[in-house]
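Just so it is clear, none of the values below were taken in a lab; they were calculated from the coordinates. Remember, it's a predicted structure, so these values are computed and weren't measured experimentally. Here the Cβ positions follow ideal geometry from the backbone for every residue, glycine too, while neighbour counts run over all protein chains shown.
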Amino acid sequence: MNIVKSVKTMVAFIFVTLMFFVSKLNAQEKKEVPLILDMVHHNPGETPYDSKYNNPQVIKEMGYNGKVYFLFESPALAINWESVGTDILPKGTEDRKWVDDKAAQIKKMHAACKEENMAIYAMSDLVLFPKRLIEKYNIQDTFGDPNNALTEKLIRAQINEMFDQFPDLDGLVVRIGETYLHDAPYHLGAIKDKKNPEKTIIPLINILKQEICEKRDKQLIFRTWGAFDTNLENYMKVSNAIEPHKNLIISIKHCEGDFHRSNAFSKVIGQGRHRQIIEVQSAREYEGKGAYPNYIANGVIDGFEEHNRMPEERINSIKEFVNTKPELYAGIWTWSRGGGWDGPYIKDELWCDLNSWVMAQWGQNTDQTEEFIFNRYATERLGLKGNDIAKFRRLCLLSAEAVVRGRNSTYRDMNPWWTRDQGIAWPMVVKGKTEQLRNLAQKDESIAKWKTIVKIAKSIDWPNEETKNHAIGSSEYGLRLYQIYRALVYMKYADDNGNTADVKKWIKVYDKAWADYNKLAKEYSTIATLYTEDYKRHIANNAGLKVNKLRKEK
């Protein structure tokens, strides 16, 4: 009898154990594999970047499982609209030829991506229609309203044609923050009330969700940027109104607004009930675009120093988001290159490669520490050994500290828009004696850190002369550029305080800094193109013009 009981107990135990492991396996199978996506953000209206990241094979080897094609590589510009009417883009016309050529180009790109078994996503502005279509239906004033019955019908037709004519497309990335038409000569775009949840965001997501997620079982990644990324109340309105779906993902930049250091960590990350993919810019458009060391992966993953003062209950890093809200984590989306306009244009992709590789590797396995992945990069990608690994890490961590202090401060004592792309405006500073002293102290700290970075770069035993030349040259690039920044901020405060002697002093420092900076190209062969004193695009008050005015006045 006891033997029978023992056998029964043993069988029951084995059964329970087996069921436990089966449930664990099922849970693992059901667990979503994070999307690890990359995009090259080409400068609108310019020749596309010649970058290794255009190659799906390259980014696959880095740890990515999908590629996002940029706005002007989107099927939204390449469908023929024949389901709506043959007179929308008539065969034999210039606009039809342009669209057909664009379609052939995109299909070739998609084929290369599929060959590497990489998922294909296209970023598209909405609402975007051919000019002929808008003229035919006389909807110039209404086509940007997704609540308009005809607009809704045309959006649905557009989505159907995109997936029918480009069947390799795995999903669509939608943005409504802006509409770029620089490389879209035969189309027009508009969106009404882009920040309004009820009038625009909710109805548009519902249309796209029905057509993409439900009807076609494809993925919709809807970007919050410029629409509902900084207003938590609006974000929650959207989240509560839209029923979650396995194919619907919300895309959020890790910081609020544009990719500026000292901007607040996104308050909508980890909120609501929809999965979220986090956007990260690897070659920061306001911070040199990869022209100098600027390691941001550590700050994005573990938290930037300027976010340490956030309330304890607030999420302040991507790692904390993943740890506290794992069910909402959908993955990482990097912009390996691009953002902004014009230059600097880099010849060597070292610094954006570091950021992209670490983010991709961490994104697919968030149990790893950032430092562990960083050290793998130093050894596996750069071939560094021994003490040089620790030196390289110190250089990179210092670069993050130097950048935030030199362009702004850890307390956001400056308007971040004062320098961007390849130009510099007259500094825009927060008023107040405390802020002034703190800001100037951090400018000095930045230069001290840049000098240390250069010293470390020269001390490392780099694997080859080309890497050595670029590491040292790009570090010098950062030092000399930030010396220009510091001179301008000191000059700005001196002028504000009516200190003529100091204005003259800092004009001399400024002139010498520019002279030293302009020697870089002759000293180092692989550095990026330089900032220019006369650059005015998107810069209202050019610093060079202001300095010249002060020369005459003082």
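Could you work out the pair-distance distribution P(r) of the range 238-360 from its alpha-carbon pairs, with 5 angstrom bin width and percents rounded to whole numbers? The distribution over the range 238-360 is 2, 11, 21, 22, 18, 13, 8, 4, 1, 0, given as percents.
Would you work out if the range 310-450 is rounded, prolate or oblate? Take a ≥ b ≥ c from the square roots of the eigenvalues of the alpha-carbon gyration tensor; rounded if a/c is under 1.5, else prolate when a/b is larger than b/c, oblate otherwise.
Working: a/c = 1.67, a/b = 1.36, b/c = 1.22.
Judged from the Cα gyration tensor, the range 310-450 comes out prolate (a/c at least 1.5, a/b above b/c).
Please report the net charge: other residues with Cβ closer than 11 Å to the Cβ of Lys253, K and R +1, D and E -1. Don't jump to the answer; show the numbers that get you there.
Working: positive: Arg223; negative: Asp229, Glu256, Asp258, Glu279.
Neighbour charge sum, excluding Lys253 itself: -3.
Taking 0.36 nm per residue of separation and subtracting the Cα-Cα distance, what length does fully extending Lys136 through Tyr411 add?
Values: separation 275, 0.36 × 275 = 99.00 nm, distance 5.34 nm.
Here the segment from Lys136 to Tyr411 would lengthen by 93.7 nm.
When a/c reaches 1.5 or more, the comparison of a/b and b/c decides; with that in mind, is the range 387-553 rounded, prolate or oblate per its Cα gyration tensor?
Working: a/c = 2.21, a/b = 1.59, b/c = 1.39.
Judged from the Cα gyration tensor, the range 387-553 comes out prolate (a/c at least 1.5, a/b above b/c).
Extension gain, Asn365 to Asn497: 0.36 nm times the residue separation minus the Cα-Cα distance gives 42.3 nm. Modelled spin labels at Ala390 and Lys505, positioned 7 Å past Cα toward Cβ, are 4.0 nm from each other.
GluC sites (Glu not before Pro), restricted to the range 220-320: which are DSSP loop and have at most 16 other Cβ atoms within 10 Å? Filter output for the range 220-320: Glu312, Glu313.
Computed over neighbours whose Cβ is under 11 Å from that of Pro197, the net charge equals +1, Lys and Arg +1, Asp and Glu -1.
Going down the table (Lys97/Lys136; Lys102/Lys136; Lys136/Lys218; Lys114/Lys218), which pairs top 21 Å between alpha carbons? Don't skip to the answer; put the middle values down first.
On the way: Lys97/Lys136 19 Å; Lys102/Lys136 23 Å; Lys136/Lys218 31 Å; Lys114/Lys218 16 Å.
Beyond 21 Å between Cα atoms: Lys102/Lys136; Lys136/Lys218.
When only alpha carbons of the chain are considered, Rg and Dmax amount to 26.1, 109 Å.
Extending 7 Å from the Cα toward the beta-carbon at both Lys552 and Leu150 defines two label points whose distance is 5.4 nm. Ordering Ile212, Ile318 from the fewest to the most neighbouring beta carbons within 10 Å gives Ile212, Ile318. Counting only residues at least eight positions apart within a chain, or on another chain, the lysines with an alpha carbon under 16 Å from that of Lys237 are Lys194, Lys195, Lys199, Lys267. Using a simple spin-label model with pseudo-atoms 7 Å out from Cα toward Cβ, Arg376 and His182 lie 3.5 nm apart. Sorting the segments 402-408, 106-112 by their mean number of nearby beta carbons within 10 angstrom, highest to lowest, gives 402-408, 106-112. Note on Lys385: lysines with a C-alpha under 21 Å away, same-chain residues under 8 apart excluded, are Lys455, Lys458, Lys468.
Per DSSP H run of at least 4 residues, take -39500 (n - 2.57); add these up for the chain, divide by its residues and hand me the 222 nm value, nearest 500 deg cm²/dmol. Mind showing how you got there, number by number?
Details: 17 runs with 247 residues, N = 554.
Rounded to the nearest 500, it is -14500 deg cm²/dmol.
Which order do Ile79, Ile456 fall in if you start with the one that has the fewest other Cβ atoms within 10 Å?
Details: Ile79 26, Ile456 21.
Sorted ascending by nearby Cβ count, the order is Ile456, Ile79.
Averaging the Cα positions of each part gives two centres, and for the range 470-516 and the range 155-195 these lie 44 Å apart.
May I ask you to derive the FRET efficiency for Glu435 and Asn518 from their Cβ-Cβ distance with R0 = 35 Å, giving the value to the nearest 0.05?
Details: r = 32 Å, r/R0 = 0.90.
So the FRET efficiency works out to roughly 0.65.
Could you pull out the pairs from Lys289/Lys449; Lys108/Lys209; Lys443/Lys492; Lys67/Lys108 whose alpha carbons sit more than 18 Å apart here? Can you show the working numbers first?
On the way: Lys289/Lys449 20 Å; Lys108/Lys209 27 Å; Lys443/Lys492 13 Å; Lys67/Lys108 14 Å.
Lys289/Lys449; Lys108/Lys209, as the Cα separations exceed 18 Å there.
The calculated Kirkwood hydrodynamic radius for the range 167-264 is 14.5 Å, given to one decimal from all distinct C-alpha pairs. Ranking of Arg156, Arg284 by neighbouring Cβ atoms within 10 Å, starting from the fewest: Arg156, Arg284.
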